[in-house]
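The values are calculated or read from the model by the stated rules, or taken from the named source; none is laboratory data. Every value quoted in this text rests on a predicted model; they were computed, and no experiment measured them. Cβ: placed from backbone, ideal geometry, glycine included. Neighbour counts: every protein chain shown.
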């Protein structure tokens, strides 16, 4: 039976999971503590003391003395740096320096702080592997209802989580690995030393009221224990702050500058949304956050009680319907105002519009995070109304088409999709065509769907040609590589509209 004692934290550079017949211990020479606590070193036939960068051997001899180990059974393991050390070390290991090409991006924070949004957004945008602590631990251990079972084990051995995650993290050969959900310095240092990846820790925070609202809405299984969960991990998170590379406040995206700067140093493409740092180098994660949250709340049949009458500012669709001889009121009108206003809030972020109707755009006043949150709830409330009216399925179909069209626009902006001219414009204009087609259904005249689709395409073409004169907005489309309608495409648009009309006449010959 062998006992392996790793000297904290330097000895962890040579860490490996224990083999059969081997028991692992950790010795803190500063605190004079042996982990697991209250464990015994008696009765072993061999004691391997592991340290790194051994020069005089004094640190190893101190461990032997402090732990009162039988010297004749001790084997010193590590990498020697001097001739003297070479004679002291019984089992020599290779260089213990960190890999100069590899790092660990770590994110910590309370649930609902959007740290996972940041981690996933970076993983997708930059192709970085992502290790989500909570999800991985649930696969390999009994964590309890909200982490309390595993936390009890950490009281005895604070490196328990590190031991569980090490085999997963060690498998990654990528230059950068993201670890989302670190809850204690012990886990952070264990993973960093054992995989020889220097860490850059970002503590992610959020407006507390908005964070709690988000948790109530999302209602994940462990969210019902939010108070107990916060109390359980509060100490670890507070101690992690001492080691943070930066504190990120998601209520103010300007605090993302240190993260954005670090990614630039690492050679990744980043950007700005007007003057706001964007570490993703793309706005796709923002659109994905909006879509994912809407679909999640819809699937959970979430009831949104908030009154958004002051935010439901986009009335032009209701007015244009009246121009077409269709009057909508009550619940139908409310659903149109909610959906149209929500789409516009998100559009202004993605289109980098700072002005709307001669006033600051919603996101410039409330910030990106709160704006996406408000737009999400407005969309879900609009869906709920439509569902009560019997057109919930059609609303979701429209929502998917609108988001897909906007996603395509962003892919073209990022250079990941090619602008193929009129066909690409049609694909992007689907956001307007699909919404107006749905308006026919919501207004109670689904037979006008084709007519409204054609109306949407004409409106989008006209809007594109107006350019920078639209309601005081900046002309951002060209800067963002948007697919804009061109005058020479008029014949192609006429042909498309004729095709829509012909299709409609075949479906409804009595309406010709």
Task: Among the candidates 247, 216, residue that is touching a strand residue (DSSP E or B) at 6+ places or on another chain (Cβ under 8 Å), surrounded by fewer than 20 Cβ atoms within 10 Å (Cβ to Cβ) and outside the structural domain of residue 11 (by TED's automatic domain parsing) - done: 247
TODO: Answer with yes or no whether residue 162 is within 21 Å of residue 112 (Cα to Cα), buried (at least 18 other Cβ atoms within 10 Å of the Cβ), touching a helix residue (DSSP H, G or I) at 6+ places or on another chain (Cβ under 7 Å) and touching a residue at least 12 places away in the same chain (Cβ under 8 Å).
DONE: no
Open item on the list: Condition (residue is under 29 Å from residue 411 (Cα atoms) and either in a helix (DSSP H, G or I) or at pLDDT 95 or above (or both)) applied to the stretch 153-172: is it met by at least one residue?
Closed with: yes
Open item on the list: Restricting to the stretch 165-185, and then to whatever is farther than 13 Å from residue 130 by Cα and in contact (Cβ under 8 Å) with a residue 60 or more places away in the chain, can you tell me which residue is surrounded by the most Cβ atoms within 10 Å (Cβ to Cβ)?
Closed with: 183
Task: Output for the stretch 93-110, where each listed residue is surrounded by 20 or more Cβ atoms within 10 Å (Cβ to Cβ) and in a loop (DSSP other than H, G, I, E, B) - done: 109, 110
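Can you say whether residue 418 is at pLDDT below 95 and not assigned by TED's automatic domain parsing to the domain that holds residue 217, as far as the supplied structure shows?
Spelling it out, residue 418 is indeed at pLDDT below 95 and not assigned by TED's automatic domain parsing to the domain that holds residue 217.
In the set 411, 442, 426, which member is assigned by TED's automatic domain parsing to the domain that holds residue 379, surrounded by fewer than 16 Cβ atoms within 10 Å (Cβ to Cβ) and in contact (Cβ under 8 Å) with a residue 60 or more places away in the chain?
Answer to the selection: 411.
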Open item on the list: Condition (residue is outside any loop (DSSP other than H, G, I, E, B), buried (at least 22 other Cβ atoms within 10 Å of the Cβ) and in contact with a helix residue (DSSP H, G or I) (Cβ under 9 Å, 6 or more places away or on another chain)) applied to the stretch 81-92: is it met by at least one residue?
Closed with: no
Task: Hits in the stretch 318-339 (condition: over 11 Å from residue 443 (Cα atoms) and crowded, with 21+ Cβ neighbours inside 10 Å) - done: 337, 338, 339
Task: Residues of the stretch 137-151 satisfying the condition of being crowded, with 18+ Cβ neighbours inside 10 Å and either under 27 Å from residue 291 (Cα atoms) or touching a residue at least 40 places away in the same chain (Cβ under 8 Å) (or both) - done: 146, 147, 151
Open item on the list: Six or more apart or on different chains, Cβ atoms under 6 Å: show the pairs whose first residue is in the stretch 295-306 and free of Cβ contacts under 8 Å to residues at least 12 places away in the same chain and at positive phi and whose second is surrounded by fewer than 16 Cβ atoms within 10 Å (Cβ to Cβ) and part of a loop (DSSP other than H, G, I, E, B).
Closed with: none
- [ ] With respect to residue 457, determine if the residue is under 23 Å from residue 269 (Cβ atoms) and in contact (Cβ under 8 Å) with a residue 40 or more places away in the chain.
- [x] no
Task: Qualifying residue in the stretch 111-126 (condition: within 15 Å of residue 188 (Cα to Cα), buried (at least 18 other Cβ atoms within 10 Å of the Cβ) and touching a strand residue (DSSP E or B) at 6+ places or on another chain (Cβ under 9 Å)) - done: no
Open item on the list: Condition first: more than 18 Å from residue 12 (Cβ to Cβ) and free of Cβ contacts under 8 Å to residues at least 60 places away in the same chain. Now tell me which residues in the stretch 36-54 satisfy that.
Closed with: 40, 41, 42, 43, 44, 45, 46
Task: Unmet requirement for residue 255, which otherwise passes all of (1) in the same structural domain as residue 203 (by TED's automatic domain parsing); (2) closer than 30 Å to residue 219 by Cα; (3) surrounded by 19 or more Cβ atoms within 10 Å (Cβ to Cβ) - done: (3)
Open item on the list: When you scan the stretch 316-325, do you find a residue that is at pLDDT below 90, assigned to a loop (DSSP other than H, G, I, E, B) and under 24 Å from residue 405 (Cβ atoms), even just one?
Closed with: yes
TODO: Only residues that are farther than 17 Å from residue 175 by Cα, in contact with a helix residue (DSSP H, G or I) (Cβ under 7 Å, 6 or more places away or on another chain) and part of a helix (DSSP H, G or I): list them for the stretch 111-131, please.
DONE: 117, 121
Open item on the list: Yes or no: the stretch 383-404 includes at least one residue that is over 29 Å from residue 289 (Cβ atoms), out of contact with any strand residue (DSSP E or B) (no Cβ under 6 Å at 6 or more places or on another chain), surrounded by fewer than 19 Cβ atoms within 10 Å (Cβ to Cβ) and assigned by TED's automatic domain parsing to the domain that holds residue 314.
Closed with: yes
Open item on the list: Would you confirm, using the coordinates I've provided, whether residue 360 is at pLDDT 90 or above, out of contact with any strand residue (DSSP E or B) (no Cβ under 7 Å at 6 or more places or on another chain) and in the same structural domain as residue 252 (by TED's automatic domain parsing)?
Closed with: no
Task: Tally, over the stretch 325-362, of residues that are over 19 Å from residue 396 (Cα atoms) and free of Cβ contacts under 8 Å to residues at least 60 places away in the same chain - done: 9
Open item on the list: For the stretch 26-47, give me the residue count where each residue is over 36 Å from the mean Cα position of the chain (by Cα) and closer than 24 Å to residue 188 by Cα.
Closed with: 10
